[in-house]
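Engineer: Please see the structure below; I have some questions.
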Amino acid sequence: MNTDVSPDTMTPVEDGERRGRLTSQLARNVANFREITIIVLLLVLIVAVGLESPRFLSGANIRSVFLAISILLVLAVGELVVMLGRNFDLSIGSTVGLSAMAVGMIFKNHPGMSSILAFAIAMAIGMAVGLLNGILIAYLRIPSIILTLGMLSVVSGFIYIVANGDQVDPTYVPSRFVAISITSAVGIPGIVIIAFVFAAAVSVALRWTRLGRSVFALGSNPDAAVLQGLPIRRLVIASFVVSGAAAGLAGAIYLSEFVLVNVTAGAGLELQAITAVVVGGASIFGGAGSVLGTTISCIMLGAMTNAFAVLGLSTFWQDTAYGALLLLAVIVNAMTRRLQDSRALVRPELTL
């Protein structure tokens, strides 16, 4: 006996759930295809540049690639969580600068502060910014792209206040904190381990916790999420807190890696993070994306940047390649969206 229910006889909740499942399945299929495509492009890049310049495949150069993507990976994973819920966080770049500057100034006055406490303070600063973003967006219904753009400027102003006309230089930062970006007990730079552990933790949380699954549900079909009784406001706030924590962690990594921090630290990193997330297969309409795809995307972008340097090419071509990848990813997103619409999976507006 056929037990399928006709869409015409479904309740609003059942219809919302059906549309959410179909949207999620289609988005997952597209994301999986894009992950495979990125891996292929990465392999082609490695082989092509490696044949032209064997130095590209040296252990020291590979190490430099992973060092270079540590900050980007942490930021991109945090941005992914926000984008899964159909939002954007443009304040993460300035939050990196604020947390790096604040911890550097604390080290100046308290050089004996432990490295663990330094990371905790940096993440607390980022979480405070993310919490404020989330509350304003969730309760005032301000579009995230506008709210966080304004917060970017506000946080940048706080960097000037914290710096007070000064900047963090190598004499402020203890050598034990700098050593985290150089080595570790297993021979891999500590910041690389921290970045990948953070990415793995977020991946597990998104896949195996109720909060993570709820974020996907919210992005896939907000109306269905509301009908199912999901705590929409809390989900929005939680996603921005995660993004802020990631920015704070990235700020601590920035301080350890570069040591020198001025008032422009972190500028532009938000656009790099969004590029990595979108190229990695996340939908700009929310509800689809993976930490794996974002990680592979970060590695590919880092390898591209390194390849241009190894080959001695102008940064103009690097910017062009980045822009082309982003445009291609956005076009794929738009085409996927049109396919969803053709299946009557119309995107409802978020109701808080």
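The values are calculated or read from the model by the stated rules, or taken from the named source; none is laboratory data. Just so you know, these numbers come straight off a predicted model, no measurement behind them. Note that each Cβ is placed from the backbone with ideal geometry, even for glycine, and that neighbours are counted across all protein chains shown. Calculation scope for accessible area: heavy atoms of the full protein, side chains included, ligands and nucleic acids excluded. Shrake-Rupley method; radii C 1.70, N 1.55, O 1.52, S 1.80 Å.
Engineer: Could you pull the Rg and Dmax for segment 64-192, using just the Cα atoms, both in Å?
Structural biologist: In Å, with Rg to one decimal and Dmax whole: 16.1, 48.
Engineer: Highest first, please rank the peptides 204-210, 230-236, 85-91, 99-105 by the mean number of other Cβ atoms sitting within 10 Å of their residues.
Structural biologist: Ranking, from highest mean packing down: 99-105, 85-91, 230-236, 204-210.
Engineer: With unit charges on the beta carbon (Lys/Arg positive, Asp/Glu negative), name the residue among Val162, Leu255, Ala224 whose Cα is farthest towards the positive pole of the charge dipole of segment 129-283.
Structural biologist: Ala224
Engineer: Using a basic spin-label model with each label point 7 Å from the Cα along Cα→Cβ, how many nm lie between Ala321 and Trp208?
Structural biologist: In this crude spin-label approximation the distance works out to 3.6 nm.
Engineer: Tell me, what is the Rg over Rh of the chain, with Rh the Kirkwood radius over Cα pairs?
Structural biologist: 1.00
Engineer: Please give the peptides 141-151, 276-286, 160-170 ranked by average Cβ packing (other Cβ atoms within 10 Å per residue), highest first, as a rough proxy for protection.
Structural biologist: Highest mean packing first, the order is 276-286, 141-151, 160-170.
Engineer: Using only the alpha carbons, work out the radius of gyration and Dmax of segment 179-258 in angstrom.
Structural biologist: Values for segment 179-258 (Cα only, Rg and Dmax): 16.5, 51 Å.
Engineer: May I pose another question? Classify segment 73-130 as rounded, prolate or oblate from the Cα gyration tensor: take a ≥ b ≥ c as the square roots of its eigenvalues, call it rounded if a/c is under 1.5, otherwise prolate when a/b beats b/c and oblate if not.
Structural biologist: prolate
Engineer: Take every Cα pair under 8 Å in the chain that's 6+ residues apart, average their separations, divide by the length, and report that relative contact order as a whole percent.
Structural biologist: After rounding, I find 34 percent.
Engineer: Taking just the C-alpha trace of segment 218-289, give me its Rg and Dmax in Å.
Structural biologist: Cα-based Rg and Dmax for segment 218-289 come out at 16.0, 50 Å.
Engineer: So what are the ³J(HN,Hα) numbers for segment 84-97, from phi and the Karplus equation (6.51, -1.76, 1.60; θ = phi - 60°), rounded to whole Hz, Gly and Pro as x?
Structural biologist: Once θ is set to phi - 60°, the couplings for segment 84-97 become 4, x, 6, 10, 10, 10, 8, 8, 5, x, 5, 5, 4, x Hz.
Engineer: While we're looking at this one, here's another question. Nearest 20 debye, what's the magnitude of the dipole of the chain about its Cα centre given +1 on Lys and Arg Cβ and -1 on Asp and Glu Cβ?
Structural biologist: 420 debye
Engineer: Here's something else I'd like to know. Rounded to whole Å and sorted largest first, what semi-axes of the equivalent ellipsoid does the C-alpha gyration tensor of segment 111-270 yield via the square root of 5 times each eigenvalue?
Structural biologist: 32, 21, 11
Engineer: For the chain, give the percent of accessible area contributed by carbon and sulfur heavy atoms, probe 1.4 Å, rounded to a whole number.
Structural biologist: 68 percent
Engineer: Additional query: Going 7 Å from the Cα of Tyr139 in the Cα-to-Cβ direction, what parts of segment 197-235 have a backbone nitrogen less than 18 Å from that spot?
Structural biologist: Only 231-235 pass the distance filter.
Engineer: Another one. Measure out, as a whole number of angstrom, how far apart the alpha-carbon centroids of segment 261-325 and segment 174-234 sit.
Structural biologist: 19 Å
Engineer: Find the eigenvalues of the gyration tensor of the Cα atoms of segment 148-196, then list the square roots of 5 times those eigenvalues as equivalent ellipsoid semi-axes, largest first, in whole angstrom.
Structural biologist: They are 30, 17, 5 Å, listed from largest to smallest.
Engineer: Quick one: what are the phi-derived ³J(HN,Hα) couplings along segment 62-75, Karplus 6.51/-1.76/1.60 with θ = phi - 60°, whole Hz, x for glycine and proline?
Structural biologist: Once rounded to whole Hz, the list reads 4, 4, 5, 5, 5, 5, 5, 8, 4, 5, 4, 4, 4, 5.
Engineer: Rank-order 175-182, 65-72, 320-327 by packing density, defined as the average count of other C-beta atoms within 10 Å over each peptide's residues, highest first.
Structural biologist: Sorting 175-182, 65-72, 320-327 by mean packing, highest first, produces 65-72, 175-182, 320-327.
Engineer: In Å², what does the accessible area per residue of segment 46-175 work out to with a 1.4 Å probe?
Structural biologist: I get 43 Å² per residue for this part.
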